[in-house]
Amino acid sequence: MWRDAVLVAAKDLRIEVRAKVALNQVVPYALVVLLLFGFAFDQDRPLLEQAAPGLFWMAVLFAGLLSVQRSFSVEASDGAIDGLRMSGLEPAGIFLGKAAAVAVQLVGLEVLLTLGIVVLFHTRLAGAGLMLATALISTACVAAAGVAYGALSMGLRVRETLLPMLLAPVLAPVVLAATQAWRAALGLSGGDGWRWLGLLGCFAAIYLAGGTIGFGALIEET
Amino acid sequence: MVLSVRLRSAVALAGRYPVLAGVDLDIVEGEVLVLRGPNGAGKTSLLRVLAGLLPLSAGEISVLGLDPVAESRALRPQVGLLGHRNGLYDDLSARDNVRFAVRASRLPGRSVDGALDRMGLSGRLRDLPAGRLSAGQRRRVALAALAARSPRLWLLDEPHAGLDSEHRSLLDDLLGDVAGEGATVVLASHEVLPEELTSRRMAYMAGGMVVEGGGPVPDTAVTDAGTDGVVPAAETGGAVTLRWHGDGQGAEVPSVA
């Protein structure tokens, strides 16, 4: 399974390196979303500082949707998914590989978005350990749930519009928990960020286990 | 005589529409079978059933001695399927596409360059992104990926599509060679085929059934698709009652048992 995951992740990342869709489209899109949030709150700097974690994770969610759609459009466009199904690769390995490739792209994006909220929203970074752990676990949640739902919607003609509709409610608790954990890390709330991190860990475990177990059935149904 | 493929009264549905409506077919190991028939006759569906991508609703199936759905993990690495689409990643080079197909099948990468050579893909063509290749070149990359995997069963849907005469000959030679080495080839086509292939065994499909050339099974066991008719639920394994039309345009399912 792990060998298959590495093979699929390497393939997906190689495709992204060659196509540069993440670099040329997803990253600018996420930065524009942050910028628009800034315009929406205008000159209300205290409010922007308070809202920065939530806006950050909303931008990650939107960009994550694009990354997941891209991850499956390369499989669907010339029928490559049939090749994956016929290859003998373990479905769990395909799931973990595709999720890992999406996660790697999202981590890179989050580094840039973190710089974005520092520059645009004047966020003062603090609690690095909690922020980093939250980012990694939330990314795992977004990637795992995204890949599972991406497979579910892949064979449908309306997948471009259906995927956000399916995925956003599933990831809403992740955005909420990640936002609260970052607010605690940044000293914007008095809550215990590590408890929110624990909740995120539960979500990550559920999404990863569910995807690992169910991915074979999902790609057979497409 | 070892059978690679054995189908009995095979029924497959797409929604409620029977794309296979009671197929009986035997294919012997090392045989090249050319499937002919009009559009919508069920050729593509038959190939997908043999690959295990489309499950049977009724009937019996054995492919390389395995059930294509229940034992798909064991079967699929031994089967190569080339559909209407090539299954290539546009942003990967021809070589990378073939290499990924080989490594995904847990095979060593030694066969990659030989397979590309075999399909006439040499020089800079190998390193161009597949998305920049012509339709015929893409078809050849997909065929090279199959050749590099050396499957025991080749399922080819219109494999000559987009190929020029030189590369059609390359493909025909390849198919002759792999059959000579013991692999079984099932090729669906309604193009004019070269003599090498027309001299092989032909099976004709219409209305989701093999109406001629299904194999050693008695012809009376193959439902006559020349006229409209009905196969009762009891004869399709109890799953569906079939009603078909003899115009080669498929069948319909008026009721599900």
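Observations on the model:
- With Cα atoms, 0 to 90° folded angle of helix A:45-76 axis to chain A main axis: 10 degrees
- Computed label-point distance, nm, for sites A:L125 and B:N39 using a 7 Å Cα→Cβ extension: 5.9 nm
- Positive minus negative residues near B:L75 (Lys, Arg vs Asp, Glu; Cβ under 11 Å): +1
- Shielding of A:62-68 by partner chains, average beta-carbon count, 10 Å: 0
- Using a cutoff of 8 angstrom between alpha carbon atoms and counting only pairs six or more residues apart, the relative contact order for chain A works out to 28 percent.
- Cross-link partners of A:K98 among lysines (Cα-Cα below 22 Å; sequence separation of 8 or more within a chain): A:K11, A:K20
- Selection of trypsin sites (Lys or Arg not before Pro), the range A:121-189, meeting DSSP coil and at most 16 other Cβ within 10 Å: A:R124, A:R157
- Taking 0.36 nm per residue of sequence separation and removing the Cα-Cα distance, the A:Q50/A:L35 pair yields an extension gain of 3.8 nm.
- Each stretch of four or more DSSP H residues adds -39500 (n - 2.57); spread over every residue of the protein assembly as shown, this sum gives -17500 deg cm²/dmol at 222 nm.
- Short-range pairs are left out: with C-alpha atoms under 8 Å and at least six residues apart, the relative contact order of the range A:5-132 is 46 percent.
- Inter-part distance, the range B:48-117 to the range A:1-47, computed on C-alpha centroids, equals 32 Å.
- Of B:Y17, B:Y204, the sequence from fewest to most neighbouring Cβ atoms within 10 angstrom is B:Y17, B:Y204.
- Placing pseudo-labels 7 Å out from each Cα toward the beta carbon at B:A161 and A:L23 gives an inter-label distance of 3.5 nm.
- Surrounding net charge for A:Q180, when Lys and Arg each add one and Asp and Glu each subtract one, Cβ distance under 10 Å: +1
- Computed from the C-beta positions of B:R85 and A:V118, the FRET efficiency with R₀ = 51 Å rounds to 0.65.
- Relative contact order of the range A:148-222, defined on C-alpha pairs under 8 angstrom at six or more residues apart (%): 42 percent
- Net charge, B:R124 excluded, C-beta distance under 15 Å - Lys, Arg +1, Asp, Glu -1: 0
- GNM flexibility winner over chain A from A:Q69, A:Q180, A:Q50 (Cα, springs under 10 Å): A:Q50
- Two numbers describe the Cα atoms of the protein assembly as shown: Rg and Dmax, which are 26.3, 84 Å.
Read-outs throughout are calculated quantities, based only on the coordinates presented, and are distinct from any laboratory measurement. Since the structure is predicted, the reported quantities are computational estimates derived from the model, not experimental observations. Positions of Cβ are backbone-derived with ideal geometry, glycine not excepted, and every protein chain shown enters the neighbour counts.
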